[in-house]
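See structure below.
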């Protein structure tokens, strides 16, 4: 008889907790209003008549090239990103070029932490010609004399001018315009 009251109280308490848990997850309750989508971190510039959108904002190109914002100690010398857009502003293909005087932290992050899984390209190795680099980008002959790195796909290139401690980098690829159709 002495055990009957504590057992009944325990069972009722467990049933109450179970009912509360079921009540929390079973109904819609108060639904918060949908949040507005966050603004894009980097806006795509307006295309010209041929569908080419040209971005020359140094920080924006740096951010899209290296997936991080430049530090105040990273000096971006030149930067250009090209997006070829379809009629609905979907990116069909893209390409960027950048020249950076890196901070020690950025240099270590890029080459030692190696987030892009860069591999050293052996000196004398022939590289595929770059497609329409801007006038400020070094020529193929000049690039051949620099330390060179590439990613596994072989499109993301970093050229390190050791004499001037300068990075020249480029990448290109296809967009998602075709995937949306």
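The values are calculated or read from the model by the stated rules, or taken from the named source; none is laboratory data. Keep in mind that this is a model prediction, so the values were computed, not measured. Cβ: placed from backbone, ideal geometry, glycine included. Neighbour counts: every protein chain shown.
Annotations
- Flag for residue 110 being over 19 Å from residue 164 (Cβ atoms), touching a residue at least 40 places away in the same chain (Cβ under 8 Å) and buried (at least 16 other Cβ atoms within 10 Å of the Cβ): no
- Residue ID - modelled with the highest pLDDT, chosen from residues in region 143-181 that are part of a helix (DSSP H, G or I) and either within 16 Å of residue 76 (Cβ to Cβ) or touching a strand residue (DSSP E or B) at 6+ places or on another chain (Cβ under 9 Å) (or both): 143
- For region 57-88, taking the residues that are touching a residue at least 60 places away in the same chain (Cβ under 8 Å) and touching a strand residue (DSSP E or B) at 6+ places or on another chain (Cβ under 7 Å), the one that is nearest to residue 164 (Cα to Cα) is identified as 77.
- Which numbered condition residue 100 fails, given (1) surrounded by fewer than 19 Cβ atoms within 10 Å (Cβ to Cβ); (2) at pLDDT 95 or above; (3) touching a strand residue (DSSP E or B) at 6+ places or on another chain (Cβ under 9 Å): (1)
- Residue selection: residue 87 satisfies the criterion of being more than 29 Å from residue 150 (Cα to Cα), outside any helix (DSSP H, G or I) and modelled with pLDDT of 70 or more.
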